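Here's the structure we're looking at; comments come further down.
The values are calculated or read from the model by the stated rules, or taken from the named source; none is laboratory data. These figures come from a predicted structure and were not determined experimentally. Ideal geometry is used to build each Cβ from the backbone, glycine not excepted, and the neighbour counts take in all protein chains shown. Heads up: the accessible areas ignore ligands, DNA and RNA and are worked out on the full protein's heavy atoms, side chains in. Shrake-Rupley method; radii C 1.70, N 1.55, O 1.52, S 1.80 Å.
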Amino acid sequence: QFYLFIKGLLFSNKLKTSKEINDYLQQLSHSKTNFNIDTQSSILISPTMDKIIVHHHDDYFQKFAFGESCVKIRNEEKIYGLFHDKIENFQISKLFDNHDKENTFCSFKLSNANVRSNNNNKTLNLVLPLIEFFKLTQGKTITIEAYINTLLSQLNTEVSNQLKAAIDSLLRLKNKYAQINIPLGLVHRDFKLWNVKNYEKPLIFDFEETIMDGPPMEDLFNYLIDPIIMNKTQKDVSDFVFNKQNIRLYKFYLNELNLKVDFDLFLKIYLFNKILFLKYDNKDSVSNKYIALLNHINIIFV
C-alpha cells in the first residue's frame, strides 16, 4: 500500500479504458473474446494466464478458460449439473449462459441472486453439509485393499526415505482393513475457508477439482489442515487435528455414513491423496509438508 501511494504521487499514469483492458485480455488469451469489461467489474487472472474471471459486482461472475484450463471449467460445469433444488444443508450459485468451443475456449456465468445470504453468527458447522455433499454421488463402494492399491499405482515419482515411510504406513492400513468396504462419493478436493461462505446455509463454490468417486472425510480434513500446513509445525497441526472438538466431528461424520472404522484410516488416506496431488502439480515443497505430517502422525499415533 505504501509503494502504491508513493507511485501515485510520483507518476500520473493514465487509467486504462474498458476497451484497452479488453484488448489486453485478448492478447493474453490469444483470442477475440469479448470479456464484457465495464466500470463496475474487477478481474482475476490465473497464474497460468489461461483462466480469467470477471466479477460484475452485485450481478454475476463470468469464468473464461482457454486451452488446458478448459478441462477444469468443463468439470465444474458438470458438477453444477449434479445439484438439485432439494439440497438441505448447503447452497450453490446458479450457473447459466455457458459456451464451449472444443479445444479453444469455454466460459459460463455464476449468479448469487438465488443465494440466501443472511450471515450466520454461529461457528460454521460443515459436517452435515459435507455429508450431504458426499452422498450426492455415493453409490459405488471399494475395498480398502483395492483403494490403497489404486493410490500406490499413481506413484510415479522417485521415492525418498520420507515418502517410503509414508508408503509403509499405507501398507499397514491395507493389511489391517483389507476387505472392508468404503463408499465413494462427491469430494470437492479444494475445500477451504475461501471456497465457502458462512451464510445461514453455507454457500459452496469452485468445483474445478471436484471428483465424483472420492473417499469419505477428505473435504473435512482439507478444510482443517490445508490452510495451516505451511506455517505451523507438524506437532501443532497434529495437535489441532486430534483435539477433542475435531474428534467429535469425525465420529459424527462416520456415524452418519454408518462406517465402523477408525477415523485415522481416512485421515491417512487424505494425506496420501494430497501428497500425490501436489507432486503431480509439481508443488514439492508443500507435498513434503504433508509427508512430514503423515510420518509425524504415524510416530505419535501408531
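Just to be sure I understand the model, the point goes 7 Å from the Cα along the line to the Cβ. What's the resulting K14 to H55 distance in nm?
Going from the K14 label point to the H55 one covers 2.9 nm.
Hey, got a sec? Which chymotrypsin sites (Phe, Trp or Tyr not before Pro) in the range 186-242 land in a DSSP loop and have at most 16 other Cβ atoms within 10 Å? Kindly include the intermediate steps, with their values, before the conclusion.
Numbers: sites: F191, W194, Y199, F205, F207, F221, Y223, F240, F242; in loops: F191, F205, F207, F242.
Qualifying residues, ordered by number: F242.
Through the Karplus equation 6.51 cos²θ - 1.76 cosθ + 1.60, θ set to phi - 60°, convert the phi angles of the range 90-100 into ³J(HN,Hα) values in whole Hz; use x for Gly and Pro.
8, 9, 9, 6, 9, 9, 7, 6, 8, 9, 8
Applying 1/(1 + (r/R0)^6) with R0 = 22 Å to the Cβ-Cβ distance of H30 and N98, what FRET efficiency is obtained, to the nearest 0.05?
Values: r = 21 Å, r/R0 = 0.96.
Computed FRET efficiency for H30 and N98: 0.55.
Taking only DSSP H segments of four or more residues, each worth -39500 (n - 2.57), what value at 222 nm results for the chain once the sum is divided by all its residues, to the nearest 500 deg cm²/dmol?
-13500 deg cm²/dmol
To the nearest 10 square angstrom, what accessible area does D97 show with a 1.4 Å probe?
Spelled out: D97, probe radius 1.4 Å, area about 60 Å².
Rounded to the nearest whole Å³, what is the per residue volume of the convex hull around the Cα atoms of the range 196-280?
In the range 196-280, the Cα convex hull volume per residue is 133 Å³.
Return the label of the correct value of log10 I(q)/I(0) by the Debye sum over Cα atoms at q = 0.07 Å⁻¹, as calculated from the structure shown, out of [x] -0.28; [y] -0.33; [z] -0.50.
Computed from these coordinates, log10 I(q)/I(0) by the Debye sum over Cα atoms at q = 0.07 Å⁻¹ corresponds to label [y].
Please return the longest stretch of the chain lacking exposed loop sites, where trypsin sites (Lys or Arg not before Pro) count only if DSSP places them in a loop and at most 14 other Cβ atoms lie within 10 Å. Show your work: numbers first, answer last.
Values: sites that count: K14, K16, K32, K86, R116, K122, K260, K283.
In short, 123-259.
Determine ³J(HN,Hα), in whole Hz, for all residues of the range 276-286 in sequence, where each value follows from phi through the Karplus function 6.51 cos²θ - 1.76 cosθ + 1.60 and θ = phi - 60°; x replaces Gly and Pro.
Each residue of the range 276-286 in turn: 4, 4, 6, 5, 5, 8, 6, 10, 5, 5, 6 Hz.
³J(HN,Hα) across the range 128-145 via Karplus (A = 6.51, B = -1.76, C = 1.60, θ = phi - 60°), whole Hz, x for Gly/Pro?
Rounded to whole hertz, the list is 4, x, 6, 5, 5, 4, 4, 6, 4, 10, 5, x, 6, 10, 8, 6, 4, 4.
Evaluate E = 1/(1 + (r/R0)^6) for T150 and E200, where r is the Cβ-Cβ distance and R0 equals 35 Å; express this FRET efficiency to the nearest 0.05.
Taking R0 as 35 Å, the efficiency between T150 and E200 is 0.35.
Of the accessible area of the chain, with the probe set at 1.4 angstrom, what percent is carbon plus sulfur?
Percent of accessible area from carbon and sulfur atoms in the chain: 52.
What distance in nm separates the two pseudo spin-label positions at L136 and D190, each 7 Å out from Cα along the beta-carbon direction?
Calculated label separation equals 1.6 nm.
Check F105: other-chain or 5+ apart residues with amide H under 5 Å from its amide H, H built from backbone geometry?
Counting only residues 5 or more places away or on other chains, the set is G67.
With a 1.4 Å probe and every protein chain left in place, work out the accessible area per residue of the range 1-151 in Å², rounded to a whole number.
66 Å²
Please give, to one decimal in nm, the separation of the simple spin-label points placed at S285 and Q179, each 7 Å out from Cα toward the Cβ.
Taking the two extended label points, one gets 4.8 nm.
For the range 5-53 and the range 133-157, what is the separation of their C-alpha centers, rounded to whole Å?
Measuring centre to centre over Cα atoms gives 42 Å.
Would you please give the FRET efficiency between L257 and Q40, computed as 1/(1 + (r/R0)^6) with r the Cβ-Cβ distance and R0 = 41 Å, to the nearest 0.05?
0.40
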